[in-house]
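Colleague: Quick one: the structure is below, questions incoming.
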Amino acid sequence: MSETTSTSSARIGVLLVDDQPLLRMGFRLILEGEDDLEILGEASDGADGVRQAIKLKPDVVLMDVRMPTMDGIEATARIVRELPEAKIIILTTFDLDEYAFSGLQAGASAFLLKDVAPEELVNAVRLVASGDAVVAPRVTARLLETYVRDGAPNRSSAPAPERDPLLGDLTPRELEVLGAMAEGLSNAEIAHRFFLSEATVKTHVRRILTKLHLRDRVQAVVYAYETGLVIPSQGLDY
């Protein structure tokens, strides 16, 4: 996406968005030590993060959530809307955090704890840039189950979501695979459940993401909850 990555496919452009200079410095020092990663810029609040993202077109954005002017949730939603291919990693304090929940709803592909180990941070940036999930889908499902069941802001009084017409484009097998993804099952576990090869499961997953206009497996789990495919504490509904 970035000019750097267009000239060398191995380079991953990263934008740092956090109101704490020391944290940005720490992330910069860690990431710039890797030959395949490049820090394209920094921003100290969400509004500037959106401006910098549109200007620099990073592959990955490390996004804090609690910032002045515009928080990371709104910034994530705006960046995803303007740059659909950008991958956002939300930085949170706790793994079962409402901010992580809101970030995933806004379009983030992953979330990391702020005290993540350096090697885990580097690996996360690479994985997200490649389209893979950093946070295990099972953890994402647990996070969504917690906040959808207990009632996230503005959700408890909301009517039940209507069935997405796009689900009609899925084959019966793809619906089954999507349901298994929403449970947090890995490709190997899905293959075992339905007596398929992992290669076949990967093909189904790719087609599901394409048909539903989703970027990755984590967003597939979010989609399943947001569209009512999964009813909290009641299992799958399809």
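The values are calculated or read from the model by the stated rules, or taken from the named source; none is laboratory data. Keep in mind the model is a prediction, meaning the values are calculated, not measured. Don't worry about glycine lacking a Cβ; one is built from the backbone with ideal geometry, like all the others, and counts go over all protein chains shown. Calculation scope for accessible area: heavy atoms of the full protein, side chains included, ligands and nucleic acids excluded. Shrake-Rupley method; radii C 1.70, N 1.55, O 1.52, S 1.80 Å.
Colleague: At 1.4 Å probe size, with every protein chain present, just tell me what the per residue accessible area of region 62-133 comes to in Å².
Modeller: Accessible surface, normalised per residue, equals 42 Å².
Colleague: Here's something else I'd like to know. Which ³J(HN,Hα) values, rounded to whole Hz and listed in residue order, are derived for region 202-213 from phi using the Karplus coefficients 6.51, -1.76 and 1.60 in 6.51 cos²θ - 1.76 cosθ + 1.60 with θ = phi - 60°, glycine and proline given as x?
Modeller: 4, 5, 4, 4, 4, 5, 4, 4, 5, 5, 9, 6
Colleague: I've got another one for you. Using per-residue counts of other Cβ atoms within 10 Å, averaged over each peptide, order 213-219, 81-87 from highest down.
Modeller: 213-219, 81-87
Colleague: Rounded to the nearest 10 Å², what accessible area does Thr93 show when all protein chains are kept and the probe is 1.4 Å?
Modeller: Spelled out: Thr93, probe radius 1.4 Å, area about 80 Å².
Colleague: Assuming a ≥ b ≥ c are the square roots of the Cα gyration tensor eigenvalues, decide whether region 54-115 counts as rounded (a/c under 1.5), prolate (otherwise, with a/b larger than b/c) or oblate.
Modeller: Note, shape of region 54-115 comes out prolate.
Colleague: Here is a follow-up. In this model, which of Lys87/Lys211; Lys55/Lys114; Lys57/Lys202 are farther than 22 Å apart at the alpha-carbon?
Modeller: As for pairs spanning more than 22 Å Cα to Cα, those are Lys55/Lys114; Lys57/Lys202.
Colleague: Hey, another quick one. Arranged from highest to lowest average of other beta-carbon atoms within 10 Å per residue, in what order do the peptides 12-19, 68-75, 192-199 appear?
Modeller: Order by mean packing, descending: 12-19, 68-75, 192-199.
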